[in-house]
Amino acid sequence: MTTVEIEAPVGARLVDHLPGPAGAMAWVRRGEGLVGWGEVARVEVGGPSRFADAHAAWRRTLMGVRVEDSVRLPGTGPVAFASLAFSDGSPAGGVLVVPAVVLGHRDGRWWLTTARCADEVEQDAPAPPVPVSPPPAPGPVVFSGGALSGEQYVKAVRAAVERIRAGEVEKVVVARDLCAEAEQPIDARWLLERLSTAYPSCWSFAVDGLVGATPELLVRRERGLVHSRVLAGTIRRTGSQDADAALAGTLARSGKDLEEHEYAVRSVVQALRPHCTTTTASESPFVLHLPNVMHLATDITGVLAPSEPGADPSVLQLAEALHPTAAVCGTPTAAARAVVDELEGMDRDRYAGPVGWVDARGDGEMGLALRCARLDAGDPRRARLFAGCGIVAGSQPQSELAESEAKMLPVRQALTPDADTTP
């Protein structure tokens, strides 16, 4: 495995270098990150042990690998992309994929990592990759209902509120899906290009047919430091600057949204505490502005506790400790998961599960797979879109339905950028 620094490609973004839809992998934010293609190793996992199995498989994969890395940044050297299902019992399980080629960009530096068999001849430093042809459009797209219709989702939210008021749970996240069928195969690069352009502050990702742009970072591990961004509490934007400014103030003062947010922050801090000497979260959340919605957000930082050499938890192990947070499940966790299973009537697949990358040092980034679509492996013209809303005692079912529609809008617009996707 060889990593070399290269000259910056001229007039192109990372996602413009993915040579084909098959096996396209990406983790990009504000033009920086990683893209990968080809496949030199692949491990599929499942069940309650999927995180531990993915971590163990990654350690085994690294054994005996000769690494030449002259760049030595997080994300250089051997890298694996990972996507893991939300639920222990989901048939979607999880996957860990090691690309044959990784192109990276960070802090003005570009690098290329290539996998090479031991008997292959050493080659000169590679030239900067050139952009490939734009991906084809999927053509007209028809959307249809998923497991729950809008009316059924409203009933599910109402039932969740009743459970909360009865004291069974404090918060529960109720999700729904939407089916999409295009005229032509849906190219993951088509979605990536549009999502990364429209939502540059989000982490745009593609792993094993799961494509999206998440605003929520589950965990980043980098050189002994841990970072997480928690989102909970949402309001839809109007498109008017003055009106949105007023709505941001409303969101920041909303008792319902602040309660929902506090549960999510508390769950992350408690999960990180056993692994860190210190954890720090801001006293009050800030309002994160995205093109379609605004969220209450809190950044949490921590310092990994000292351990034996090589025994520090990898980003995969930290993701296991955190998953599922109250932001995507609810609290208390076990009770909330039971309500989710009862009310949603669907398998979340890898929606709301961790997605991201890990390197040989255990550093990496894992986001929550939100604002995403799962492309159908059996029919490339089909995909499932997902959205979920945090429900607390003060939630209004119709408002939560409108919020779920707003959260699906990024992928709907990415699929059909010239069509009217008004819910």
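The values are calculated or read from the model by the stated rules, or taken from the named source; none is laboratory data. This one's a predicted model, so the numbers in the text were calculated from it and none came from an experiment. Because the Cβ atoms are built from the backbone with ideal geometry, glycine has one as well, and the counts that use them run over all protein chains shown. Each accessible area value is taken on the protein alone, full model and side chains, heavy atoms only, with ligands, DNA and RNA left out. Shrake-Rupley method; radii C 1.70, N 1.55, O 1.52, S 1.80 Å.
Results, tabulated for the structure shown:
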read-out	value
Residue check for ILE186: more than 18 Å from the chain's Cα centre (by Cα), open to solvent by 10 Å² or more (accessible area, probe 1.4 Å), modelled with pLDDT of 90 or more and among the β-branched types (Val, Ile, Thr)	yes
Selection from the stretch 318-369 of residues that are within 14 Å of the chain's Cα centre (by Cα), among the small types (Gly, Ala, Ser) and farther than 21 Å from ILE391 by Cα	ALA319, GLY356, GLY364, GLY367
Residues within the stretch 129-144 that are without any contact (Cβ under 8 Å) to a residue 40 or more places away in the chain and either in a loop (DSSP other than H, G, I, E, B) or surrounded by 14 or more Cβ atoms within 10 Å (Cβ to Cβ) (or both), tallied	1
GLY233, sole failed condition from (1) surrounded by fewer than 21 Cβ atoms within 10 Å (Cβ to Cβ); (2) at pLDDT below 90	(1)
Where ALA245 falls short, out of the listed (1) more than 20 Å from the chain's Cα centre (by Cα); (2) on the phi > 0 side of the Ramachandran plot	(2)
Scan of the stretch 282-307 for residues that are open to solvent by less than 40 Å² (accessible area, probe 1.4 Å), part of a strand (DSSP E or B) and farther than 13 Å from LEU231 by Cα, ordered by number	GLY302, LEU304
Which numbered condition GLU259 fails, given (1) open to solvent by 60 Å² or more (accessible area, probe 1.4 Å); (2) under 18 Å from the mean Cα position of the chain (by Cα)	(2)
Subset of the stretch 349-370 [basic (Lys, Arg) and in contact with a strand residue (DSSP E or B) (Cβ under 6 Å, 6 or more places away or on another chain)]	ARG350
Residue pairs meeting the criteria (Cβ under 8 Å; at least 6 apart or on separate chains; first in contact (Cβ under 8 Å) with a residue 40 or more places away in the chain and of a type in the set (Lys, Arg), in the stretch 234-247; second open to solvent by 60 Å² or more (accessible area, probe 1.4 Å) and assigned to a loop (DSSP other than H, G, I, E, B))	ARG237/PRO291
Which numbered condition ARG220 misses (of (1) under 27 Å from GLY20 (Cβ atoms); (2) surrounded by fewer than 24 Cβ atoms within 10 Å (Cβ to Cβ))	(1)
Matching entry among GLY330, GLY345 (being under 27 Å from GLU403 (Cα atoms), modelled with pLDDT under 95 and buried (at least 21 other Cβ atoms within 10 Å of the Cβ))	GLY330
Exclusive hit being of a type outside the set (Gly, Ala, Ser), out of contact with any Phe, Trp or Tyr (no Cβ under 9 Å at 6 or more places or on another chain) and either without any contact (Cβ under 8 Å) to a residue 60 or more places away in the chain or not in a helix (DSSP H, G or I) (or both), set VAL211, VAL230	VAL230
Listing of strands (runs of 3 or more DSSP E) fully contained in the stretch 1-82 that carry 1 or more residues being within 22 Å of the chain's Cα centre (by Cα) and surrounded by 14 or more Cβ atoms within 10 Å (Cβ to Cβ)	25-29, 32-37, 41-45
Answer from GLU5, GLU39 - the residue that is out of contact with any Lys or Arg (no Cβ under 8 Å at 6 or more places or on another chain) and among the charged types (D, E, K, R)	GLU39
